[in-house]
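Report on one structure; see the data block that follows.
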Amino acid sequence: MLPRMVETPRSAAPRAGHLLIIGGAEDKLRQRQILSRFVNLAGVHDARVVVISTASSLGDEATELYRSLFHAMGVGEVRGIRPLSREEANDPRLAELLDEATGIFMTGGNQLRLASVIGGTLLGRAIVDRHRHGAIVAGTSAGASAISSYMVAFGTSGATPKQRMTQLSAGLGLLNGAIIDQHFEQRNRIGRLLALVAQSPSLLGIGIDEDTAALVTPSGMLEVLGKGSVTILDPTKIQTDAYEVKRHRPIMVSGVILHSLPAGYRFDLRRRRLLAPLRPVASTDRELASLEAAGRQARRLVRRIAAEGTDELATERRRRRSLRAKRDEEASE
């Protein structure tokens, strides 16, 4: 009799983590609903969070703000990294800082800087690998745009879709089949998202308002969090003349299915269909004490971070205004 073969158990495939895609200007001082969901999914007291602030023009200030926020919310370990060149992003020691991360948070700023510095490097691959092995990856504003495989590099605002009003570039590749735009309602970006799906009808367009987030599960189910809405453009049945319109002229777009989803609603990204809403969670004011405790400097920094991305020259103009005001004050003394 032949001996029976012993079956070796197959190792379970790693389960991917969630994606938290934030439209920018998320609440940092009151109830912090969106940031709280990130902290909970990262493991709270057992969480090991890495904040990546490459996109931000505010330097270490942005890193320190999120570090202090996450510590105050119970996270045991928070590290901040800010590579500013591809050489730094290819440093194995930097990538190793993500080895045990349960949560990765990418700040706002300039998404083209973020993708250009990190995309395709050891650090970029480490972010993707940690997500595949269960870490939640969150991005706010520019960090949100960079989550997808293709992203808005830059563009203009407006309700009318026009040729050349925006430009695509490669993102970090954490979410396939979609393109993300942020500060959506506040900066009137419906036109450029319509133009993008007209030019690339295989992609879903996802526009996220400020203080709003799309939480995407490993199975591709999107849940809306926060105060605003997530707009989803499905171009499956689109009709357009985008392929023949020249220069900066308007594009004809017809047949796009538009979903505008407030908090509690869900959407299946893979099947492209609306799902039954979740029961809304009643908000409380238990975090109001945090607002009272927050100093004037913290609130000012929150406003500056929320304004990033509106204008690349904004920071420089603020610096010049500050210098002029200081000179005027000194002259009047």
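Bear in mind that the values in this text are calculations on the coordinates, not laboratory data. Note that the structure is a prediction, hence the values are computed from the model and not measured. Positions of Cβ are backbone-derived with ideal geometry, glycine not excepted, and every protein chain shown enters the neighbour counts.
Were the residues from Glu88 through Asp129 laid out at 0.36 nm apart, the gain over their Cα-Cα distance would be 12.9 nm. For the stretch 111-143, the residues whose amide N sits under 20 Å from a probe point set 7 Å from the Cα of Ala170 along the beta carbon direction are 111-132, 143. Taking 0.36 nm per residue of sequence separation and removing the Cα-Cα distance, the Ser36/Thr156 pair yields an extension gain of 40.0 nm. Going from the fewest other Cβ atoms within 10 Å to the most, the residues Met252, Met151 appear in the order Met252, Met151.
Rounded to the nearest 20 debye, the dipole magnitude of the stretch 19-332 is 760 debye, with +1 charges on Lys and Arg beta carbons, -1 on Asp and Glu beta carbons, and the Cα centre as origin.
What separates the Cα centres of the stretch 99-146 and the stretch 161-239 is a distance of 18 Å. Computed over neighbours whose Cβ is under 9 Å from that of Gly80, the net charge equals +1, Lys and Arg +1, Asp and Glu -1.
In this structure, the amide hydrogen of Gln167, modeled 1.01 Å from its nitrogen in the peptide plane, lies closer than 5 angstrom to those of Ala153, Phe154, counting only residues at least 5 positions away or on a different chain. Counting Lys and Arg as +1 and Asp and Glu as -1 over every other residue whose Cβ lies under 9 Å from the Cβ of Leu35, the net charge comes to +1.
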